[in-house]
Amino acid sequence: MRFGALAAVGAALAVALPVRADSLPQADALEWLTRITTAARQMNYAGTFVYQHGESVETSKIVHLADGGVEYEKLEVLDGPPREVLRTNDQLTTFYPDIRLIRSEKRKGRRSFPALLPEQITNITDHYEVRKADVERIAGFDAQVLVLEPKDGLRYGHKFWADMATGLLVKAKMMGDRHQAIEQFTFTQLAIGGRIGRDDVRSRYESSSAEWRTDRSDAKPAESGWTIRNVPPGFRKVMEMRRSKQGVDGPGLIHIVFSDGLAAVSVFIEPTSARMRLSEGLTVQGAFHIFTRIVGDHRVTVLGETPAVTVTQIAQSVTPKR
Amino acid sequence: MERISALMDGELDDQEAAHTCSRLKNEAELADGWATYHLIGDVLRGERLCDPALLDRIRPALEAEPTVLAPRRVSPLQRPRSIALSAAASAAGVAVVAWLAFFDHPGGTADAPIAPARVAGAVSDAGAVPNLARADSTVNEYLFAHQQYAPSTAMQGVAPFMRTVSLREDDMR
């Protein structure tokens, strides 16, 4: 159904826009974004990719299986301490074997895993120049290059390489204002289709992890009682929820998500406690900027894969509703 | 080392503090870290004595282990690595203070909308935003939660979780 809707929007764009000669390539590029999202959910694939940010380079293996309407996915980090992320639709489980920990999280309320919503896709062109560039070869695949240049300093630029045949993303790069790479994902080896079974998306720790500590949390849509008065242009609230941890009482953690269709910024609000780190200000971690502020007896943490100014602006305008 | 720092910051509860103190007594590396962190803090504050307020917070936790208050001298040859890391963390702290000072005087109320251009300028002028010298476990939890709702996850599946799961053991505590 969703894909039908997405395709319909793509088609509507293609029909509505050809009057302006320069819009056609843009509509075409937007259709590619839709294809990428669809392929990520529907294709079966297995491969190895490299993640780079700053000086660090890390290699991971990924397997994705769509089977009978259920999505199974497994990410295995190959460098440093072993880590495994398993996903079955909205259920995420992460294994940390060296510290014998399982982190499990179930989303409730919205059925679909995050997707680029049709209105977000059309919204993208308000804040990014979107164009199709050349075809380049990545990991043996001919890939269509898509370039998204931000129209202001509130978001980063993106470059996507999508497999010509399937639309699957084979490389993605996020760029700063001088086109410097902020982070990059590249498949070095990839097989699309082929034989992938349920065993390939199972944890290798399934049987050995019975005694490990398990942290369970879930998130439910909820009215938070907080408002963000000065949301940067193009960003819209996509989710407002309350997160809770099994075995931990209390009001839980408020989580509000804003997105411009490509970048996302999360606002976390938590009552302060004696044990909490209460340092305020801006920090950076990998591709993320993080701004922490104390508002009354709450700690507000805003983070996103955006320039500092975006998270800062949101953080500065978080206010309790009266 | 995270524990040492938390102890210094008064963030450990009694039991954890006692445990860390007993480890301090037995593990040379931790003791070195303890001394080094203090040394850096003192130097940055322009004083060689410990901050009395800090001492007041630490003292109750250390009552059971009085010997720790006289840490061994740190050999200069032993500590270049932790100095470098901690110095970065401390410098980051200074930068954060400078940053907050900037926001405290935007010429309006504390929560007045800020001017994006000025902020962007401030960031590039400062050269770099403080990097989280060590990942705070809360921040990591936040990053992980955030990742689930980020459009990059829609386009790349779980691959972007790579950003948040490759944590070291220390980061998870």
Quick note, the range A:37-196: a/c under 1.5 would make it rounded; otherwise a/b > b/c is prolate and the rest oblate (a ≥ b ≥ c, C-alpha gyration tensor); here it is rounded
Measure of exposure for A:Ile196: accessible area at 1.4 Å probe, Å² rounded to 10, is 30
What the 10 Å binned alpha carbon P(r) of the range A:195-322 shows, as percent of pairs per bin from 0, is 11, 35, 28, 17, 8, 0
In this structure, the FRET efficiency calculated for A:Thr188 and B:Ala18 from their beta-carbon separation, with R0 = 51 Å, to the nearest 0.05, is 0.55
Env charge @ B:Ala145, Cβ radius under 9 Å, K,R +1 / D,E -1, value -1
Length gained, A:Ser224-A:Asp126, 0.36 nm per residue minus C-alpha separation, equals 32.4 nm
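Express the relative contact order of the range A:159-253 as a whole percentage, based on alpha carbon pairs under 8 Å and six or more residues apart in sequence.
The normalised contact order for the range A:159-253 reaches 16 percent.
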If each part is reduced to its alpha-carbon centroid, the range A:138-186 and the range A:68-87 end up apart, in Å, by 23
The value for the range A:30-84 (convex hull of the alpha-carbon atoms, volume per residue, Å³) is 89
With label points set 7 Å from each Cα along the Cα-to-Cβ direction at A:Gln42 and A:Ala133, the distance between them in nm comes to 2.7
Each residue of A:285-294 has, on average, a number of other protein chain C-beta atoms within 10 Å of its C-beta equal to 5
For A:Ser56 the rounded accessible area (nearest 10 Å², probe 1.4 Å, non-protein molecules ignored) is 40
Burial-style ranking of B:138-145, A:128-135, A:171-178, average other-beta-carbon count within 10 Å with highest first, yields B:138-145, A:171-178, A:128-135
Relative contact order in percent for chain A (Cα pairs under 8 Å, 6+ apart) equals 15
By the mean-Cβ-within-10 Å protection proxy, highest first, A:84-96, A:305-317 rank as A:305-317, A:84-96
A student applying the Cα gyration tensor rule (rounded when a/c is under 1.5; otherwise prolate if a/b is larger than b/c, oblate if not) would label the range A:128-226 oblate
One point scatterer per Cα, no solvent, Debye formula: log10 I(q)/I(0) for chain A at q = 0.14 Å⁻¹ comes out as -1.34
Expected integer from the mean partner chain Cβ neighbour count at 10 Å over A:273-282 is 6
On the formula 1/(1 + (r/R0)^6), with r taken between the Cβ atoms of A:Gln246 and A:Asp177 and R0 of 56 Å, the FRET efficiency rounded to 0.05 is 0.85
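The values are calculated or read from the model by the stated rules, or taken from the named source; none is laboratory data. From a predicted model like this one, the values you see are computed outputs, not experimental measurements. Backbone-built Cβ (ideal geometry, glycine too); neighbour counts: all protein chains shown. Side chains are part of the model used for accessible areas, which takes the heavy atoms of the whole protein and leaves out ligands, DNA and RNA. Shrake-Rupley method; radii C 1.70, N 1.55, O 1.52, S 1.80 Å.
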